[in-house]
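Throughout, read-outs are computed from the coordinates displayed, never taken from laboratory work. None of these values were measured; they are calculated from a predicted model. In this analysis, Cβ positions are derived from the backbone assuming ideal geometry, glycine residues included, and neighbour counts consider all displayed protein chains.
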Ligand code: NAI
Ligand code: MG
């Protein structure tokens, strides 16, 4: 245990103005929902109500898709270098307002301010800068071919990285000349609505970006609207499958970024202390609400006991609490529903006979919290080794040989990411060749860069986001 307690160091919130009631962003304006319905968005760390948010209905979706359609022709026709200017302008405005965005992201989503400030918001801005650069260079991305925009894109995103997922969706779509209707997740709409102001500030032509809020029903109405040419979805595998079924035969383009159950594989020759930091970052970053989280730790048998004891010691130093505090490592669980799901699966882990360890820590009285948790003695058939928990819960398994590590790592319906920790470069390459995962990190974990493609195998989805590959889902090549 640390000898000294950290003094509270809360980030001030006066930089953000949260309105009591928001509108939808359609055709370049904030409009009241035709549905007349609203829901409340809260701060998951305090359960305090932040604002009333429109629940967009069918007529609202109709209006948003019509606005995007109306803007599509001119947006596709302007000089690509001019399109780039708008994206650069948005990127710069995001940088200028990054503290505001970070504080709001943390208030609405519960993630530690040090993560929203140092990771989410800078990466979101970087994504716009990166795709702004591609806007007038598509002929180099697709040599000898002509890349045409698809038209109107319906984009539905989750609550774990609200602004970053918005950037991953909107930046490549706009760079390639498409217009969008984006629906943020119901628990985290506020940074998307602030982004609407940024679009306005950047002078983006009306209707190029439209933002509609609401829950699953709104999302379903959007992706099924006949005026939509392309659907991009990030979220649960269950909903992804539902969308794929409902779009079958519609001719709409589709990309899906779904769940994961990544293996983080540590060999005996790895730098163990560094690996422990990577394990912690792999599963406790953003409370484990990460599709590519390293939720299955595969330890080579000879070092398993040592690594687990180092890991437990490290867990006892993690600080859980006020997400706005600059020293906080573990913030709030995003919603009561997610907390219930985590509790249920942890209960299943105990019932199935795995051994539970939870870092000693006091949970705040209000809000949604779950302590960092490690299960040892996990076997491959356990549900906690199979299902995405999407919380701060790690399942530890062991292996003896490289072949066994590969087999266990790939023994999942998912295939989004994996990590390999070893001193040996040849082993990294050998493993990376055999792991069925869209991203393989070597001696690190949860590293993101706009220039690097990200996406899944198997039930983790298809299509890539980031990099040159991230342009492909948004163009028709002729
Ligand atoms: P979800 O997949 O229901 O929600 C993601 C987004 O899809 C939200 O914007 C939601 O409003 C929208 N949505 C829901 N139903 C829809 C439908 N039928 N058609 C169109 N859009 C729809 O995820 P949820 O319920 O929030 O979380 C459940 C589990 O899903 C989590 O515990 C986690 O395991 C997983 N998940 C995975 C994510 C990932 O990035 N891989 C992100 C969010 C959740
Ligand atoms: Mg759901």
For this session: Determine, for 374, 239, 212, the number of other Cβ atoms within 10 Å of each Cβ, and report the residues in order from fewest to most.
Result: 239, 374, 212
Exercise. Which whole-number percentage describes the relative contact order of the chain, with Cα contacts under 8 Å and a sequence gap of 6 or more?
Worked result: 18
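How do 78, 26 line up, fewest other C-beta atoms within 10 Å first? Each step should come with its number before you reach the end.
Values: 78 13, 26 27.
By the 10 Å Cβ count, ascending: 78, 26.
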Exercise. Relative to the longest principal axis of the chain, what angle (0 to 90°, nearest 10) does the C-alpha long axis of helix 272-284 take?
Worked result: 50
Exercise. Stretch residue 250-residue 403 to full length: gain in nm at 0.36 nm per residue minus the Cα-Cα span?
Worked result: 50.8 nm
Problem set entry | Between region 1-58 and region 396-452, the alpha-carbon center distance in angstrom | 38
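Please compute the volume of the convex hull spanned by the alpha-carbon atoms of region 110-262 and report it per residue in Å³. Don't skip to the end; give the middle numbers.
On the way: hull volume 21.2 nm³, N = 153.
Convex hull of Cα atoms, per residue: 138 Å³.
Would you list 39, 457, 285 from fewest to most Cβ contacts within 10 Å?
Details: 39 14, 457 18, 285 22.
Sorted ascending by nearby Cβ count, the order is 39, 457, 285.
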Exercise. What distance in nm separates the simple spin-label points at residue 344 and residue 319, each placed 7 Å from Cα in the Cβ direction?
Worked result: 3.5
For this session: Return the calculated 222 nm mean residue ellipticity for the chain, to the nearest 500 deg cm²/dmol, obtained by summing -39500 (n - 2.57) across DSSP H runs with n ≥ 4 and dividing by the residue count.
Result: -11500 deg cm²/dmol
Exercise. For region 328-478, what class follows from the C-alpha gyration tensor (a ≥ b ≥ c being the square roots of its eigenvalues): rounded when a/c is under 1.5, otherwise prolate if a/b is larger than b/c, else oblate?
Worked result: oblate
Problem set entry | Cα convex hull of region 18-105, projected area averaged across orientations, nm² | 7.2
For this session: Pull out a ≥ b ≥ c, the square roots of the eigenvalues of the alpha-carbon gyration tensor of the chain, then state rounded if a/c is under 1.5, prolate if not and a/b is larger than b/c, and oblate in the remaining case.
Result: prolate
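Suppose R0 equals 45 Å. What FRET efficiency, 1/(1 + (r/R0)^6) with r the Cβ-Cβ distance, do residue 310 and residue 39 give to the nearest 0.05?
Values: r = 44 Å, r/R0 = 0.99.
The computed FRET efficiency comes out at 0.50.
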